[in-house]
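The values are calculated or read from the model by the stated rules, or taken from the named source; none is laboratory data. Note that the structure is a prediction, hence the values are computed from the model and not measured. Glycine gets a Cβ as well: all are built from the backbone with ideal geometry, and neighbour counts include every protein chain shown.
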Amino acid sequence: MYNFFAKLQNFLEASTDHSTSDHTIAEYILRHVSEIPNMTIYELAEACHLSPATISRFCRRFESISFKELKEHASEFNDFNRTEIHQGPESDMIVGLPDYFEQVKKSLAQTEKLLQEDILQQAAILMHDANKLSFFGVTFSNVVAKNAQIKFMRLGKHTASYSNHENQIIEANAMIPDDLAIVISSSGDTRFIVKLTKELFRNEVPILAITSNPSSYLGQHAKLIIQISGQKMDGYKSPILEEINLQAAVNMLYLHYSGRYN
């Protein structure tokens, strides 16, 4: 579902001219996404002050799909977001907020124990010796990947990171064995991460995995694994513990790399 959002966001960020038809349509869809599944192409065109033909062209640029398929994507996106919070003890705001910081402390303590010095040093060497560092991740892991890209770019490395699935797969297929793929995924087993890992492995690109699940498909195909805590708060889809631990692992990599080579 993240890919639907990421592609729309790409249209917004592609140009500083906010009056383009692509920007207008993407912004309207994001603002009114709950209404899109029930709209006709004529209604969306009228709402955006554009023609139905322009909406059709947008759909083709979006993913070579029809307007009907675009509505289906929006419907799936809405369904996914409706189950963001599972009502229960952990999603009780009164109980959950004071407990959150305790859970963060516990999970970070677990990650601290898992981040072994020798593994971090091996990772730093792999990153230093690589011709190019490409960072991969989906949704919240993609935010961490973007953060890592900027950090290591500032340390003088040639880096890359893309938001949507298609560009990540294109990047994976463009990489060579002298590059290094840093794949960030707490579970290591999502459908896209499995697909991405297969492409990297097929192209003989070494993988540095940052994950809580060494036995995952990602972990099994990684040259080196940086393991983090697998603790999570089950009442929420958003990884409110995992993202902090993934970021901590990236920060430790940054510190080890900069201490060794800068």
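Here are the numbers for this structure:
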quantity: Test: residue in the range 42-51 that is assigned by TED's automatic domain parsing to the domain that holds Asn78, over 25 Å from the mean Cα position of the chain (by Cα), at positive phi and loosely packed, with under 13 Cβ neighbours inside 10 Å; calculated: yes
quantity: Residue match in the range 53-64 (condition: closer than 20 Å to Thr139 by Cβ and buried (at least 18 other Cβ atoms within 10 Å of the Cβ)); calculated: yes
quantity: Where a residue in the range 143-162 is touching a residue at least 60 places away in the same chain (Cβ under 8 Å) and its partner, wherever it lies, is part of a loop (DSSP other than H, G, I, E, B) and crowded, with 19+ Cβ neighbours inside 10 Å, with Cβ under 8 Å and at least six apart; calculated: Val143/Gly137; Val144/Gly137
quantity: Exclusive hit being over 13 Å from the mean Cα position of the chain (by Cα) and modelled with pLDDT under 95, set Gly235, Gly219, Gly156; calculated: Gly235
quantity: Answer from Glu204, Glu242 - the residue that is crowded, with 23+ Cβ neighbours inside 10 Å and either charged (D, E, K, R) or assigned by TED's automatic domain parsing to the domain that holds Ala6 (or both); calculated: Glu242
quantity: Among (1) closer than 20 Å to Glu72 by Cβ; (2) at pLDDT 95 or above - the single one Phe4 does not satisfy; calculated: (2)
quantity: Number of the condition not met by Thr197 [criteria: (1) buried (at least 20 other Cβ atoms within 10 Å of the Cβ); (2) in contact (Cβ under 8 Å) with a residue 40 or more places away in the chain]; calculated: (2)
quantity: Odd one out for Tyr261, checked against (1) buried (at least 19 other Cβ atoms within 10 Å of the Cβ); (2) under 19 Å from Ala130 (Cα atoms); calculated: (1)
quantity: Ser163, sole failed condition from (1) of a type in the set (Gly, Ala, Ser); (2) under 19 Å from Glu243 (Cβ atoms); (3) modelled with pLDDT of 95 or more; calculated: (3)
